[in-house]
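Structure record follows, encoded as C-alpha cells.
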Amino acid sequence: MGRAVAVVHLRSEVSDARHARVLETLTGLLPRVGVEGRGVFACDLRGTERLLGSPERVGARIVAVLERVRIPVAVGIAERPFAARVLAERAPVGEVSRLRPGEERMFLSRLPVGVLPLEEELREELGLLGIRTVGEFADLERGAVLDRFGRAAAAAHALARGEDAGEVRGAAPRRRIVAKRSWDAPIDRTDQLLFALRAALDDLGTELRMDGLAAMRLEARLEREDAAVLRLERLVLPPTAEPAALLRSLRWALEERPGREGLGLVTGVRIEATEVELVRGRQIGLFAADAAREEEAIAVARYLRSRLGPGAVLRPRVTDPESRVAEREVEWEEAVS
Amino acid sequence: MAIALTEAISRLEGRFGARTVVTATAADDRARTRRFATGTSFDRLSGGIEPGSAIALAGEGTCGKGTIALRAVAGAQQDGGMALWVDPSCSFDPLAAQRAGVDLARVLVVRARTNEAVLVAAGAGLRSEGFRLVVVDLGPAFAACASIDDLAPVLPQARGATAALLVVTDAPARRLALPTFRFERVAWEQRHGRTSGWAFAVRKVGDARDERAVLHASSLGRRIVDIGTRAALREAV
Amino acid sequence: MRLFADPHPVRLEWEEGELRSMRVADRRWTVVEVVRRWRVEIEWWKKDGGIARDHLTLRTADGTLCEIFGDRHTGDWYLQRLLD
C-alpha cells in the first residue's frame, strides 16, 4: 500500500473537551496523528495496512470507537490530507469514504474554488476571471499563479493539483530539545555505546518531560574519531519520553543501518527530538499496545531480511484450503519489502 | 506399552467422558495474566507458558509435539501477541496452524537455513519486545541443520525476555539444561483396518509426580481430543 | 503437521508389488502400512500436461505418518508432509 491519510471530521458541537477527547482516542489507536483544524484530525496510515488492516477497516474502527462514546464523525481517506479532509467534510455522519489513487484531482476538480484555503478577496477575483471550480483553478499555469496571486495562492494551487507534499507530521518543538554527551575514551562496541546513549537519553527524557512532550522522531549524530559523523534517524512509535523506549529505537536504528558498516571509534553523541507531540494519557485503544508491539515485530522482520536475505522472512496466507495440490493451499509473501 | 486405543478410550469415556478442551490453570493470579496456554491438558503439566522462560517439546516421529506447539502460538496470540516461528526445515504448515487456532497475520515465519541463521533469528526475536513467543522448530532429524544443544547461545537471551522460547525437537538436549516435555505416541487408532489417528502422552522430564497428559489425534491429525491428565481423571472420581 | 516448502526427493523400494521402504536423504524408512492412496490430475489440458500425481499416506516402522507423492510425468517421488 502506498500513502493513505484518514481525516476524521468531528460533527456536532466541537468543544475543547471533545476535540481533546477525539485527539486522545486517535493517538491511542494510530501511530501518527496530526491536527488539521478544530475537530479535524489527519491520521497517516502509511505502513499500517499489514498491521491494522485496510484503510477502510481502520476508518470503520475509528467511527465505531467514537460512536461508542457518542461522538459522531465522518472519515475521508485519500492519498493526501487535503483531499481526505474535503472528502470527510462531505461524507455523511458515520460513514467512511475513500478516494482511490488517481481519483483525487478529478474529485476536487468539480468542487467550487471555495473549498481551497484562499482569501475571500482572491476568490472574488478568480470569480471575476471566470474561475469558479477547483479544476479551472488547477488548470492555470503554476508560475503564473505565483506571480499573479502570491505564495498563499500558489500553495492552494498545489493543493488543487495534488502537488503538495501531503505530509502528516508531528509538530516541531518550540525550543530545540537536545542532549549531548562526549567521552574521552572512544567507544567501538555496540553494547558500550548503548550504555553511553542511555545516559544521554536520560537527559533528553528529562527535557521532554519538562515541556510535557513525547518524542515522535529522533535524530542522533555520532561523532567518530576515524570516520565521518554517523547519522541515525528514527520514528518513535508510540511517541514517548521514556529513556528505555528511546534507547530501543536507537538500538534498532543502529542494527538496521545499511551495509552494516562498523561503528568506528565513537567519541560523542548529539541526540535531538526533532518531532514531538504533547504527552497525553494514552488510552489503551483497539490497536495501541498491538501497534507498538507490531512495529517492533516489523523492525525485527526488516533486520532479519537484511541479514538473511529475501525469501527468509515470510507471512503465509491460506488461499485454497480445499486444494488437492498442497503447494496451492497457501501463498507466501515477504513480511517486509 | 501399547494398548488397544479403542479399548482405552472407551474405558475412559465410560468413566469420565472425553473432553475436547481443557481450560488452562495457573498457580496464581499474577502469573495467569502473564502466562499463556495451549488450551489442552499440557497446561496442567506446564502451568502455562511464561514469557522469559524457555522449554523444549521433544519426541520422535508422529507424536503430537507439532500440534501442541501450534496451540502454544494460538495461546500467545490470544491477547494480541505475535509469534516468531523459526523454521530451518521450511516445513511450517499454514493450514494446520490455522486449524489449531493460529492467526496467520500475527506470525512471522523465518526460513533460517543454517545454524547461524537460526541463532540470529531466535536472538532477534527474543531481544525484541514485539513477540510473545519465539518458536524454534528444529525439524525432523533428516532435515535439521542444528540440534537443540546448538541453541546454547540464545538461551541466556530468553531470560527476562518479553517472549517465551519454545524449542521443538526430535531429540532432547544432551548438554543443554532446558525444561523438557517428552512426547510419546501411546497407540495408533484404527478405523476399518487402517490407521486413522493416534493417541499420545506428554510428561515433564524429571517431574517427580510423573504426571502425563493424554491426547488423541483423529482424522490423521486434523482433530484433537483431549483425554486429560491422570490427576484430573483421579479428581473426577 | 509439516508441509515441506521444498518436498524432499525419496526413493521407493518395492517388493512383489508392495512398497517396502523408502529412502529420504541418508535414511531408510521401513513402510509398515499404506494408509491411503489417491490420484490427482488437474489442468491436464495444459501444454505441459498439468499436474498428475499419485499420493500415498504411509506409516513407517519407526512410528511416522507421512505423505509422499509421485509425479506421473517424471516418475519422481517426493516427501511432502509429516504428521505430528
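Just so you know, all these numbers are worked out from the coordinates, no wet-lab data involved. On a predicted model such as this, the values are computed, not experimentally measured, just so you know. Note that we place each Cβ from the backbone using ideal geometry, even for glycine, and neighbour counts take in every protein chain shown.
Observations
- Cβ-Cβ FRET estimate between A:GLU13 and A:ARG257, R0 fixed at 45 Å, reported to 0.05: 0.35
- Across the alpha-carbon atoms of region A:288-334, the computed radius of gyration and Dmax are 14.1, 41 angstrom.
- Shape annotation for region A:5-101: C-alpha extents along the principal axes are 33, 25, 20 Å, from largest to smallest.
- Remark: mean inter-chain Cβ contacts per residue of B:146-152 equal 0, using a 10 Å Cβ-Cβ cutoff to other protein chain atoms.
- Counting Cβ atoms of other protein chains within 10 Å of each residue's Cβ and taking the mean over peptide B:71-80 gives 1.
- Beta bridges from DSSP with both residues in region A:5-101: antiparallel share about 85 percent, rounded to the nearest 5.
- Order by protection proxy (mean Cβ within 10 Å, highest first), peptides A:269-275, A:242-248, A:6-12: A:6-12, A:269-275, A:242-248
- Candidate lysines - alpha carbon under 25 Å from B:LYS65, same-chain residues fewer than 8 apart omitted: B:LYS204
- Förster radius 60 Å - calculated FRET efficiency between A:LEU146 and A:GLU327 (Cβ-Cβ, nearest 0.05): 0.55
- When the charge dipole of chain A is built from unit charges on Cβ atoms (+1 for Lys and Arg, -1 for Asp and Glu) and taken about the Cα centre, the candidate among A:ALA83, A:LEU193, A:LEU111 whose Cα reaches farthest toward its positive end is A:LEU193.
- The protein assembly as shown: antiparallel DSSP beta bridges as a percent of all, rounded to 5: 80
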